[in-house]
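Visitor: Handing you this structure, nothing more for now.
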DNA sequence: GGCTAGATTTGACCCTGTCCAATCTGGCCG
DNA sequence: CGGCCAGATTGGACAGGGTCAAATCTAGCC
């Protein structure tokens with residue numbers, strides 16, 4: 001359903017269905033938390049390749065898709081920006097301090113934990129982003 | 001008391017008390033969430049000034065102090081790293097999407113909210129970092 | 001007053017990302 | 001079906017933020 005819908009998804013979001021955008025969406029399938037570089041590599045094309053996307057193009061696409069909420073961007077401290085297809089479910093992340101591995105953690109919603117800062121200091125809050133830092137099983141083992 | 005204790009703090013943390021380290025600590029007093037550039041400017045010295053600290057020196061100091069837990073480093077998405085003196089109280093942050101302003105939010109501790117991801121996927125978690133995103137009162141007003 | 005491990009400096013360098021101007025193309029229209 | 005044009009993409013220069021490595025300096029102990 002992906003090939004079919006990629007274009008639809010884009011068009012429904014008010015974006016033109018272009019080769020580059022479809023390639024980026026495809027490159028993210030099954031590879032959450034990818035960096036721009038990984039997406040570029042996986043999109044199957046280096047700079048200058050015929051069907052390739054330029055660096056600027058890649059960033060444009062990522063920004064467009066993010067704004068259209070087709071993908072989500074996360075930026076854990078110390079890491080370049082990473083992108084994933086899961087959107088709209090307010091899930092959070094678990095990051096290994098050693099190897100950088102990232103795991104998704106579903107939000108214990110209902111009462112989304114911490115969705116309300118106790119004191120919002122006059123801010124209109126629209127998102128609570130939670131990052132858990134620790135060491136993954138593999139890294140703990142080999143330490 | 002700062003001049004007096006800055007050195008003590010450092011020594012107690014097992015670090016030598018140097019002009020640069022004391023200057024960085026002083027520059028953070030009353031200025032939480034400062035970037036490296038702001039600290040450098042506030043430390044009263046540009047590059048090459050007699051009592052100045054070099055760029056590398058600044059980063060070394062920041063890293064040393066962070067590791068010694070005398071300061072804390074936060075890196076909100078889209079912002080360069082920021083440093084603050086509050087440590088050990090596991091407080092969180094509220095960030096304005098428009099002007100970038102950052103406010104501290106005390107952790108509703110006791111049961112630190114969300115300290116346990118529901119599923120920790122084998123990770124040994126040692127920190128839960130929460131960032132609330134929104135728009136501050138000022139920016140909402142002028143929009 | 002020396003010594004030495006630890007701290008600092010200098011300057012080159014890298015990665016991630018952005019700006020801008022020129023070119024190309026999806027997809028609607030006649 | 002061919003043309004049009006706003007929207008998309010490209011290329012190349014550039015910038016911010018940070019790191020690396022080697023040489024020099026200095027806090028603090030003897």
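Visitor: Just checking, how many residues over region A:20-40 are on the phi > 0 side of the Ramachandran plot and under 11 Å from the mean Cα position of the chain (by Cα)?
Guide: Total satisfying the criteria: 1.
Visitor: So which residues in region A:123-143 are closer than 14 Å to residue B:124 by Cβ and facing another protein chain (nearest Cβ under 7 Å)?
Guide: A:132, A:133, A:134, A:135, A:136, A:137, A:140 - these are the residues of region A:123-143 that are closer than 14 Å to residue B:124 by Cβ and facing another protein chain (nearest Cβ under 7 Å).
Visitor: Of these, B:50, B:68, B:128, B:43, which one is modelled with pLDDT under 95 and closer than 19 Å to residue B:25 by Cβ?
Guide: B:43
Visitor: OK, next. Taking the criterion of being more than 9 Å from DNA strand D (Cβ to nearest atom), within 11 Å of the chain's Cα centre (by Cα), surrounded by fewer than 16 Cβ atoms within 10 Å (Cβ to Cβ) and touching a residue at least 24 places away in the same chain (Cβ under 8 Å), would at least one residue in region A:52-64 satisfy it?
Guide: No, every residue in region A:52-64 fails to be more than 9 Å from DNA strand D (Cβ to nearest atom), within 11 Å of the chain's Cα centre (by Cα), surrounded by fewer than 16 Cβ atoms within 10 Å (Cβ to Cβ) and touching a residue at least 24 places away in the same chain (Cβ under 8 Å).
Visitor: For region A:83-92, how many residues meet the condition of being more than 9 Å from chain B (Cβ to nearest Cβ) and not in a loop (DSSP other than H, G, I, E, B)?
Guide: Within region A:83-92, residues that are more than 9 Å from chain B (Cβ to nearest Cβ) and not in a loop (DSSP other than H, G, I, E, B) number 2.
Visitor: While we're here: Any idea which residue in region A:63-73 is nearest to the other protein chains (Cβ to nearest Cβ), counting only those that are more than 8 Å from DNA strand C (Cβ to nearest atom) and assigned to a helix (DSSP H, G or I)?
Guide: Ranking the qualifying residues of region A:63-73, first place goes to A:66.
Visitor: Taking the conditions exactly as written (surrounded by fewer than 18 Cβ atoms within 10 Å (Cβ to Cβ), more than 7 Å from chain B (Cβ to nearest Cβ) and modelled with pLDDT of 90 or more), does residue A:101 satisfy them or not?
Guide: yes
Visitor: Give B:76, B:113 a once-over and let me know the one that is within 9 Å of chain A (Cβ to nearest Cβ), at pLDDT below 95 and more than 25 Å from residue B:22 (Cα to Cα).
Guide: Of B:76, B:113, the one residue that is within 9 Å of chain A (Cβ to nearest Cβ), at pLDDT below 95 and more than 25 Å from residue B:22 (Cα to Cα) is B:113.
The values are calculated or read from the model by the stated rules, or taken from the named source; none is laboratory data. Predicted model only: the values in this text are computed from it and were never measured. Glycine also receives a Cβ, built like all others from the backbone with ideal geometry; neighbour counts cover every protein chain displayed.
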